[in-house]
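Just below is one structure, and these are the notes that go with it.
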Amino acid sequence: MAKIELSFYPGCSSQKGATSSNYLVSAQTMCEELDIQLNEIPDWNCCGASIGYGGGGELPRLALSARNIALSEEHNSGQEIVATCAACWLSTREAKERLHEDEQMFKDANAALSEAGLKYQGEANVRHMVEVLVEDIGFDGIKSKVKKPLEGLKIAGYVGCQTNRPFGIAGESFENPKYLDNIVEAVGADSIPTYEKKVQCCGGALAFSEPEKSQEMIKGIIEAAYDNGADMIVTPCPLCQANVEIYQDNINDTYGTKFNMPVVYYSTLMSVAFGRSAKDAALDGQVIPAKQLEEIASK
Amino acid sequence: MSDLNTAMIEKYRSNFLKEVEANVEEGEWVKMCMQCGVCSGSCPLGKHWDHPPQEIFMMIRANKRDEVLGTDSMWMCTSCYNCIARCPRGLPITHIMHGLAVYSKRLGLTQKKQPTAEFSQIFWDNLMKKGRVNELKLGLSMYFKDGFGQGVKNAMANQKLGQNMMKAKRMNPMEFFGGHSVKDLSGFQSMVKKAQEIEEGNLKEAK
Amino acid sequence: MADEKKFAGYVCTGCGLGERLDAGQLETTATRDGKMQSCKQHEMLCSAEGVQLIKDDIANESVTHVMIAACSKRAKVEAFNFPEVAMTRANLREGVIWVRPESDENQETTQEMADDYIRMACAELKSMSQPSASGEQTLNKNILVVGGGITGMTAAIEAAAAGYPVHLVEKSGKLGGALGSYYKVIPTRSPYDAPAENPVPGMIEAIEADDRITVHLNSTLAKTEGAPGRFNVEVATESGSSETLSIGAIVQASGWKPYDASQLPEFAHDKSADVVTNHELEALAVAANGGPIKRPSDGKEIKSVCFIQNAGQCSDKEGHLSYFSGVTDLVSIKQAMYFKELNGDCDTTILFDNLRTPGAGGEDFYRAGQQAMVTFSKGIASEVMPGDSLTVKFEDKILNEQTEMVCDLVVLATGMEPNSGPDPYAQLMVDEAEDEEEKAKAQAILENAPPSILNLQYRQGTDLPHLKNGFNDSHFICFPYETRRTGIYAAGPVRRPMDAQQARDDATGAALKAIQAAENAGLGRAAHPRSGDLSFPSFRKEGCTQCKRCTVECPFGAINEDEEGYPMYNESRCRRCGTCMGACPVRVISFENYSVETVNQQIKNVEIPEEWDEKPRILVLACENDAYPALDQAAQAGVEINPWARVIPVRCLGSVSLSWVTDALNNGYDGIVMMGCRRDDDYQCHFVRGSAMAAERMSKVGDTLDTLNLEPERVILHEVAITDVERAPQLINDMAETVEKIGLSPFKF
Ligand code: SF4
Ligand code: SF4
Ligand code: SF4
Ligand code: SF4
Ligand code: SF4
Ligand code: SF4
C-alpha cells in the first residue's frame, strides 16, 4: 500500500490532557500500522463545535473553520484535510459548503481572514478518518493487517449522530449505517447488526447543560447494548465516547442500574488487533477499563 | 426589551416570516415547510420542547413572534441532524433552530438562565481566549455560573467523574494555569472580531 | 371450395404435451368422437413449419374448420391466425398438463381431461361458421365534436391534424368555454414555477385557420340517429335554422359548470361582494388588466386575501359535493400567485386541510407557491363574517386552536360539476331502488334532469349513461374514454373533474378513439374490447316473442326496435359481448362463431362418468377477459386445479344463457362455477354491465335447482379479477370439495 499523506486536524478534545486524548493516541498508532502519515495543520484553532453557535452566531463560527482550511491550504497544500472528531469534521465541511454556496459569505469570511493575513480558497477535500478507512483502505485492507483477531468479543457499534448525519459516509443509510459493524467484523470480533440504538443521539453538548435529559438518552444506549449481549461499545465520535462512558456512575445513581460498559474507539480496537501494546492503544485512557482488550494486548 | 427588538417590531410590523427570512440563519427556508411533522417526530429531546420544529415553523407563519422568540424550545436542539436527514422538503432545520436561538438572544428575548444558552456563551468565550477550548475552565465556569455556592455543589456532585477523568489523564488540573493556545492569537482574535463586526453590521442594516 | 365443410384437427406434442399425454389416443378422440375428417400431430405446431402444415391443408385440402389441440387460446395468437377458416382451440397445456401433477396415479384423469377438451373443441367447431363483415356501411371519416371548450377544441385540432374532417358544435356564441375567460392557467411545462399563459386564444386562431374544421356556433344537436359510421346529426342554431350532418364518430366534450356557492351560507358568498369563488376570481384578475386586483365592493386594491380550500366539496354535508374536484388546490396556488404578481406585497393565505397537487409538476408548483411567499396554513374555515374587512374564522390544525384572520377578499375553492345530459337510466334507478331513501334520491335525479345534449334516437335514451355524481360513465379503470354508447367518446371534465392539461390529454385520446371507431365501422369490425371482431349477433325472427329483453339489457343501447316491434340490431353500435344472447329466453340470438349452441355442444360432449365411477364433473364458465387469463396465469405458476373441472371461456358472463346451466345440471354435472368481473360502481366488466346482468339472471337459478330437487350450493357465481391468480383455481377446487360433501348429482345416465 502506498503511503497516504493527510493534512490532519486533531481538534481541541484530543489535545493532551483533554477528554479524547486517548483517541489521538490510538488513532496515531492505527495510522502508523496502516501507513498513513498525518501532517498536523500548523496553529489550528477550535472549530466552534456545534454548541458554539449560541455565542458565535453564523459568520464568526464559519470564520473559525475557514481559518483552519486556509492554514491547511497554505502549509499542507494539495493534501486532503482529515479529522477524527465528528464535530470538527462536520463544522469544517459545513463551513466549506456554506462558503461555496453563498458568495457574500465567502467574501465576508475572506475579509475577516485577511485580518490574520490568511486567504481562504476552499479547494481542499474535508474528510473524516472513517472515510479514509472505508474508502481508501477498505475492510479487506484492515483485515489484512490484523495480527491478533479480537475473537469472541461482542461489540455494539454505536455510530451516533454527527459522523452519520447530515453528511454520513457515502453509500450508507442514515437510519442503519453498517460500516462500524464491518470494521468490528474486520478486526475479528462479532458485530451486533440488530443494535437498535446505533444512531440514537447521546445529547451531544447538552450532556453538560441538560444533564438529566441527556442521561436518560444515554441510559437507553447502554441498556440496548446490554440487551444485545455486548461486551463493549465502539464509537467513532469523541463526544459520544465521553458521554456514554463517563456518566455511567451518575446514571447508576439516578436509575439504580449497574452499568459498567467499556466504550472504546474503532482506533482502539484496531491498535489492539494490529498487535500493538495497551499503551499504544491508549487503553490506560479508559475510565471504564476494557479488560478483555487489555488481555489480548498483553498476550 | 432591547432597542434592536423594538426596531425590528417596528420594521416588520405584522410579518414575522419576513423578519425571520432577513435575520435568521437559513430563515428563508421556513416558508418551504409543508407541515408533515417528520422533524418533530425525529427530535431526540422533542418531548421536552414546548413547540417542536414543525410547530415553530407554523407559528412563524402565523405571526406568533412573542411566542417563538420567547420559547426556549430551540435551545434544546442537540444538533443531532436527525430532522435534516429526514425532512422531505430538505429544510436545514438544525441551523434554523440555532439561528432562531441566536436571534432571540440578540434581541434580548432568551429566557434568563437558559442552561444551554449560557453554556454556549461560556464555551464561545472560552475558545475566544486562546483559540482553543480549555475544557477544565469550561467545566469550572459552567459549575460556577450560578454563583459560588451552587458551583461548589455542582463540582462536588461531579467530583467522582472528575477524579476518574484525571486518572485516565483526560483532564489536567494544570490547564487552569495556561493550557493550549493558538500561536497567532492576535491574528485569530482580530479575525473573529472582524467577522462579528460584519455580522452585527448586517443586522443593523436590516434595522 | 364452395359451401363444402371440411374439418381438420391438429395435435401439438410440444411444450411437454407429447410426454405427458398419449397423443395417439388424442388423435383417435378427435377423429372418432370429434368427427374430424383428418387429424395430424406436430412436435411444435406454433413453429413456422407447423403453421405451414395447417396453411397447406387450408390451401390444398380445402379445409374450412380447424381444431388446434395445443396451448390456451390466449397463447400463440399471431401464429394461429387463419382468417379464412373457423377455428377452435383445445387447451391442453394451460388447461391440463400445467395444472395437474405429473405422476402415475394422476395419469388417467389427466388424459381424460385432455380427451374431453378435444371433444369439446370439436363439438364447438361443428356448430361454428366463419364470420364475415356485413357490409352494412362504408367508411365515413367525419368526426363530430360537441362542445367548444379546451377539450372540444383539442379534440377538433387533433382529429383534423390526423386528416379527418371535423364539425365542432358549440352552444354559445364563441369558442373557449370556461377556461377561455381565465387570466392564466396552471403551468404545464418544467420548471412549473409560475402560472402559464392561457392557450385558448391561440387555439381559437388555429381552429379558424384550419379548413378541415367547420365551427357551428350558437348551435345544439336537435337529433342524433344511426350508428357509428352512419350517424345523421341534425344541428340546430339559435336562430331556428338547422342542417343535417353525416358523421362517422362523436366526441362529447360538454365540459363542466361551477358549483353554486350560494349553497354555502356560512361563507357569506351571497352577503358580501368580496367573497368570490375561484371561478369568479378569474374575471377580477382579467379586469385588473395587468394592474393590482381590486375589491369588487369598493374597488380598493386588495392587500390581503384568504383562500378557503374544499369549500362545499369533499364533504358529506347536505348540498355539498361528496367528491374532490382534483384540481382546486392547484387552482388556488395559481390564483394566489396572481396576487403575488399583481398586488405587490399582498398577504396571501391558503387555508387547507389536505393539500393535493397531482400531476407531473404539481409538487414543483406547490414549492413555487411557497417560494413566492404564499402562506399555507393547515386550517379548516368555519365562517366568514362580512364587514368592511372580512373575518375568517378557522381552526388551526397544527397549533390546535380556534382563531381568525382579517382580509380584504375571500376566495372559495369550490368544485366542478359535470355538464352532462340526462341519465338514460334515471327511471330505471327509481324502479329498482332498494329502499325509500334510495328511491327519493333517484327520484330527485330524475326530476332535476338537465336538458339533453346528444338527443340520441336510441331506444335506451337520449344521452350517455352516468356513473356517479352525474359524471358520464366511461370505463374509468381500463379504458377511460369508452362510454356505453359505441362510437361516442366522452372527454374532459364531463367524465371526471380535471384541469386544462388533463383535458387536453383526454381530448387527444378521445379523438384517436373516435377515428378508430369510424374506421372500424367502415370495415364492419368491432370496437374495443373485441376490436377487429367480425362476428355479429343476428336473431331468428320467426322465433322471437318480442319480449324486448335484448333491447333492454344490451349494455350499449345497440338495439332499437322496428315498426313491428322486433329488435333492430345496429352492427357498429354493438360490442359483441353477447349479453343479448344470454338474455333471450327463447335462444334465437346467435353469432356465427359463438352461440347458445356452440357452448351447449361443448357442455354435452364432456363425458359424464357413471355414478359408481365416483368421478364428478364441474362446469366452469369463465369470462375470457379476466377470469380465463387469471386461470392461464395460475397454470403458468403451476397452481393445481381439480381434475373434475372443465373450463369453457365465455365472451362475457352477460352472454351466459340460463339454458346452459339447466342443461348441464340435467346432463349430470355435479357443480357449476361461473366467474365474471366485478360489477358494482367500481366495476371492471369490459362490457360494463354484462357481469351485473348475469348476476341478476342467475339470481333466479335457485328456482331451477328447486324444481330439479338439487342443492343450491351446486351453482355459484364469483367476481374474479385478472390478478386473482391464487384465488381463481381455489374457487374451482372449493366447488370440488362442496361436491364431495353433498355427494354426486342424481342426474347421471
Ligand atoms: S438537530 Fe436539533 S432540531 Fe433537529 S432533530 Fe436534532 S435536536 Fe431536534
Ligand atoms: S420535516 Fe420538514 S417539511 Fe416536515 S414539518 Fe419538518 S420542516 Fe416541515
Ligand atoms: S406453444 Fe402451443 S403450439 Fe407451440 S409448441 Fe407449445 S403447446 Fe404447441
Ligand atoms: S352483443 Fe352486446 S352489444 Fe351487441 S347487441 Fe348484443 S348485448 Fe348489445
Ligand atoms: S330477447 Fe329474444 S325474444 Fe326477446 S325480443 Fe330479443 S330476440 Fe326477441
Ligand atoms: S368483464 Fe367480466 S364479465 Fe364482463 S367482460 Fe369482464 S370480465 Fe367479463
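Please count how many residues of the stretch B:48-106 are outside any loop (DSSP other than H, G, I, E, B) and within 11 Å of ligand 1 (Cβ to nearest atom). Working first, answer last.
In the first step, residues of the stretch B:48-106 are kept if they are outside any loop (DSSP other than H, G, I, E, B); the result is B:48, B:53-61, B:65-70, B:73-76, B:82-86, B:93-106.
Next, from what is left, pick out any that are within 11 Å of ligand 1 (Cβ to nearest atom): B:48, B:53-54, B:56, B:73-76, B:82-86, B:93-98, B:100-101.
Count: 21.
Remark: residue A:160 matches the filter, which requires a residue to be crowded, with 20+ Cβ neighbours inside 10 Å and within 14 Å of chain B (Cβ to nearest Cβ).
Among residues of the stretch B:67-96 being free of Cβ contacts under 8 Å to residues at least 24 places away in the same chain and either farther than 24 Å from residue A:173 by Cα or away from ligand 2 (no atom under 14 Å from the Cβ) (or both), the one that is nearest to the chain's Cα centre (by Cα) is B:79.
Out of the residues in the stretch C:340-355 that are under 42 Å from the mean Cα position of the chain (by Cα) and not acidic (Asp, Glu), which is surrounded by the fewest Cβ atoms within 10 Å (Cβ to Cβ)?
Pass one, the stretch C:340-355, residues under 42 Å from the mean Cα position of the chain (by Cα): C:349-355.
Restricting the remaining residues to those that are not acidic (Asp, Glu) gives C:349-352, C:354-355.
Details: C:349: 22, C:350: 25, C:351: 26, C:352: 22, C:354: 10, C:355: 19.
The qualifying residue surrounded by the fewest Cβ atoms within 10 Å (Cβ to Cβ) is C:354.
Taking the stretch C:555-583 as the range and being away from ligand 5 (no atom under 12 Å from the Cβ) and either part of a helix (DSSP H, G or I) or assigned by TED's automatic domain parsing to the domain that holds residue C:648 (or both) as the test, the residues that pass are C:571, C:572, C:573. Can you confirm whether the stretch C:70-93 contains a residue that is buried (at least 21 other Cβ atoms within 10 Å of the Cβ) and assigned to a helix (DSSP H, G or I)? Yes, the stretch C:70-93 has at least one match. When the stretch C:531-550 is filtered for residues that are touching a helix residue (DSSP H, G or I) at 6+ places or on another chain (Cβ under 8 Å) and either within 16 Å of ligand 1 (Cβ to nearest atom) or touching a residue at least 24 places away in the same chain (Cβ under 8 Å) (or both), the ones remaining, listed by number, are C:536, C:537, C:539, C:549, C:550.
Would you say residue B:80 is away from chain A (no Cβ under 14 Å) and either within 18 Å of residue A:54 (Cα to Cα) or in contact with a Phe, Trp or Tyr (Cβ under 7 Å, 6 or more places away or on another chain) (or both)? Can you show your working first?
Numbers: away from chain A (no Cβ under 14 Å): no; either within 18 Å of residue A:54 (Cα to Cα) or in contact with a Phe, Trp or Tyr (Cβ under 7 Å, 6 or more places away or on another chain) (or both): yes.
Criteria not met by residue B:80.
Within the stretch C:542-554, the presence of at least one residue that is away from ligand 3 (no atom under 16 Å from the Cβ), in a loop (DSSP other than H, G, I, E, B) and either buried (at least 22 other Cβ atoms within 10 Å of the Cβ) or assigned by TED's automatic domain parsing to the domain that holds residue C:34 (or both) is confirmed.
Considering only residues in the stretch C:498-532 that are buried (at least 24 other Cβ atoms within 10 Å of the Cβ) and assigned to a loop (DSSP other than H, G, I, E, B), the one that is nearest to the chain's Cα centre (by Cα) turns out to be C:527. Screening the stretch B:27-42 for residues that are facing another protein chain (nearest Cβ under 9 Å) and touching a residue at least 24 places away in the same chain (Cβ under 8 Å) and picking the one that is farthest from ligand 5 (Cβ to nearest atom) gives B:31.
Looking at C:738, C:704, which is the one that is more than 28 Å from residue C:483 (Cα to Cα) and modelled with pLDDT of 95 or more?
Details: C:704 fails: modelled with pLDDT of 95 or more.
From the options C:738, C:704, the qualifying one is C:738.
In the stretch C:198-221, the residues that are on the phi > 0 side of the Ramachandran plot never reach a residue that is of a type in the set (A, V, I, L, M) and assigned to a helix (DSSP H, G or I) with C-beta atoms less than 6 angstrom apart, at least six apart or across chains. Per the listing C:48, C:59, C:8, the residue uniquely over 25 Å from residue C:632 (Cβ atoms), exposed (fewer than 15 other Cβ atoms within 10 Å of the Cβ), more than 16 Å from ligand 6 (Cβ to nearest atom) and away from chain B (no Cβ under 14 Å) is C:59. Only a single criterion out of (1) out of contact with any helix residue (DSSP H, G or I) (no Cβ under 8 Å at 6 or more places or on another chain); (2) part of a strand (DSSP E or B); (3) buried (at least 22 other Cβ atoms within 10 Å of the Cβ) is not satisfied by residue C:411, namely (1).
With the structure loaded, tell me whether residue B:22 is surrounded by fewer than 23 Cβ atoms within 10 Å (Cβ to Cβ), hydrophobic (A, V, I, L, M, F, W, C) and either at the interface with another protein chain (Cβ under 9 Å from one of its Cβ atoms) or closer than 29 Å to residue A:88 by Cβ (or both) or whether it fails that test.
Numbers: surrounded by fewer than 23 Cβ atoms within 10 Å (Cβ to Cβ): yes; hydrophobic (A, V, I, L, M, F, W, C): yes; either at the interface with another protein chain (Cβ under 9 Å from one of its Cβ atoms) or closer than 29 Å to residue A:88 by Cβ (or both): no.
No: the conditions fail for residue B:22.
Count of the stretch A:214-247 residues, restricted to those that are within 12 Å of chain B (Cβ to nearest Cβ) and touching a Gly at 6+ places or on another chain (Cβ under 7 Å), is 7.
Going residue by residue through the stretch A:26-38, is there one that turns out to be at the interface with another protein chain (Cβ under 10 Å from one of its Cβ atoms), in a helix (DSSP H, G or I) and not aliphatic (A, V, I, L, M)? Working first, answer last.
So the first thing to find is which residues in the stretch A:26-38 are at the interface with another protein chain (Cβ under 10 Å from one of its Cβ atoms), and the list is none.
Checked the stretch A:26-38: no residue is at the interface with another protein chain (Cβ under 10 Å from one of its Cβ atoms), in a helix (DSSP H, G or I) and not aliphatic (A, V, I, L, M).
Tell me whether the stretch C:699-713 contains one or more residues that are of a type in the set (Asp, Glu) and either within 15 Å of ligand 6 (Cβ to nearest atom) or within 14 Å of chain B (Cβ to nearest Cβ) (or both). No - not one qualifying residue is present in the stretch C:699-713. Put simply, of B:122, B:96 the only residue that is of a type outside the set (Ser, Thr, Tyr) and in contact with a helix residue (DSSP H, G or I) (Cβ under 6 Å, 6 or more places away or on another chain) is B:122.
Flag set for residue B:171, criterion: at the interface with another protein chain (Cβ under 8 Å from one of its Cβ atoms), modelled with pLDDT under 80 and in contact with a Leu (Cβ under 8 Å, 6 or more places away or on another chain).
Among the candidates B:11, B:47, the residue that is surrounded by fewer than 22 Cβ atoms within 10 Å (Cβ to Cβ), over 30 Å from residue B:181 (Cβ atoms) and either among the small types (Gly, Ala, Ser) or free of Cβ contacts under 8 Å to residues at least 60 places away in the same chain (or both) is uniquely B:47.
Going by what's in this entry, would residue B:59 be described as within 10 Å of chain A (Cβ to nearest Cβ) and hydrophobic (A, V, I, L, M, F, W, C)? Against the criterion (within 10 Å of chain A (Cβ to nearest Cβ) and hydrophobic (A, V, I, L, M, F, W, C)), residue B:59 does not qualify. Taking the listed residues C:606, C:620, C:639, the one that is closer than 22 Å to residue C:576 by Cα and in contact (Cβ under 8 Å) with a residue 40 or more places away in the chain is C:620, with no other qualifying.
Looking at C:628, C:669, which one is within 22 Å of residue C:686 (Cβ to Cβ) and either at pLDDT below 95 or among the aromatic types (Phe, Trp, Tyr) (or both)? Working first, answer last.
Values: C:669 fails: within 22 Å of residue C:686 (Cβ to Cβ).
Testing whether each residue is within 22 Å of residue C:686 (Cβ to Cβ) and either at pLDDT below 95 or among the aromatic types (Phe, Trp, Tyr) (or both) leaves just C:628.
Within the option set A:135, A:97, being assigned by TED's automatic domain parsing to the domain that holds residue A:11, part of a helix (DSSP H, G or I) and surrounded by fewer than 17 Cβ atoms within 10 Å (Cβ to Cβ) holds for one residue only, A:97. The set of residues from the stretch A:39-62 being part of a helix (DSSP H, G or I) and more than 7 Å from every other protein chain (Cβ to nearest Cβ) comprises A:61, A:62.
The values are calculated or read from the model by the stated rules, or taken from the named source; none is laboratory data. Bear in mind that the values here come from a model prediction, so they are computed numbers and not experimental data. Every residue, glycine as well, gets a Cβ built from its backbone with ideal geometry; the counts of neighbours run over all protein chains shown.
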